[in-house]
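Quick notes on the structure that follows.
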Amino acid sequence: VRSAPRKKLTPFDLMKAKFKNGSDTNTIDDTQTDDATKAKKEAEEEAAKAKEKKKDEDKLRLETEKLEKAPKEAKLKEDELKVKAEKEAEAKKAMEEEKKRIEAEAEAKKKAEDEEKKRIEADTQAEADAKKKAEEEGQKRIEAVAKAEFKKRADEERKQLEAEAKAEVEAKRMAEQEEKKRIEAEAHAEAEARSKAE
């Protein structure tokens, strides 16, 4: 290091000079010390610049990543909105289907109730008609029986009257015959008596 006193030293050169052959930094002359200080300052400035540069690069990188991520985030947001819209559409569809199912069930229930009501009314009407028909048939049967009974009694009464009339005619005829025989007998007896008297 001493063979080149005007050389621009770096902190690394100082460390080498310090530890070379067990030497100490006190053996380095003032020029070298000034150079070392200047080198250190320059190194610090370089480091600061490098740090600032890195900071700028990091900032640029972050901005770039942000710009790169923006479309992705927009796409993600769009996908999220799309998924949300699809879910809302599915939920709406499910609600509409549930509404339709409930309406269909209500309609089916009403239809079943109407059919049951009609069936009960039909059964009631059929029962009433059957009862009325039975009553009418019973009435007709009663009337038929009464008519038959009346006819029978009328026939019997007619036969009885005819028999009585016939008997009366027969009795009258027999009485007339008896009267005729009596008159004939009296005439015959009178004729015999007259004949004997002569």
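The values are calculated or read from the model by the stated rules, or taken from the named source; none is laboratory data. Please read all numbers here as calculations on a predicted model, not as lab measurements. Glycine gets a Cβ as well: all are built from the backbone with ideal geometry, and neighbour counts include every protein chain shown.
Are any of the residues in segment 150-164 polar (S, T, N, Q), assigned to a helix (DSSP H, G or I), under 60 Å from the mean Cα position of the chain (by Cα) and surrounded by 10 or more Cβ atoms within 10 Å (Cβ to Cβ)? Full working, then the answer.
Let us first name the residues in segment 150-164 that are polar (S, T, N, Q), namely 160.
Filter again for assigned to a helix (DSSP H, G or I), leaving 160.
With the extra rule that they be under 60 Å from the mean Cα position of the chain (by Cα), the set shrinks to none.
No, because not a single residue in segment 150-164 is polar (S, T, N, Q), assigned to a helix (DSSP H, G or I), under 60 Å from the mean Cα position of the chain (by Cα) and surrounded by 10 or more Cβ atoms within 10 Å (Cβ to Cβ).
Name the residue, out of K117, K99, K111, K75, that is part of a helix (DSSP H, G or I), surrounded by 10 or more Cβ atoms within 10 Å (Cβ to Cβ) and modelled with pLDDT under 95.
One residue alone meets the criteria, K75.
Every residue in segment 167-198 that is of a type in the set (D, E) and surrounded by fewer than 10 Cβ atoms within 10 Å (Cβ to Cβ), please.
Within segment 167-198, just E198 meets the criteria.
Does segment 122-142 contain at least one residue that is of a type in the set (S, T, N, Q), modelled with pLDDT under 95 and surrounded by 10 or more Cβ atoms within 10 Å (Cβ to Cβ)?
Yes, because at least one residue in segment 122-142 is of a type in the set (S, T, N, Q), modelled with pLDDT under 95 and surrounded by 10 or more Cβ atoms within 10 Å (Cβ to Cβ).
Among the candidates L81, L67, single out the residue that is exposed (fewer than 10 other Cβ atoms within 10 Å of the Cβ) and either out of contact with any strand residue (DSSP E or B) (no Cβ under 8 Å at 6 or more places or on another chain) or modelled with pLDDT of 95 or more (or both).
Among L81, L67, only L67 is exposed (fewer than 10 other Cβ atoms within 10 Å of the Cβ) and either out of contact with any strand residue (DSSP E or B) (no Cβ under 8 Å at 6 or more places or on another chain) or modelled with pLDDT of 95 or more (or both).
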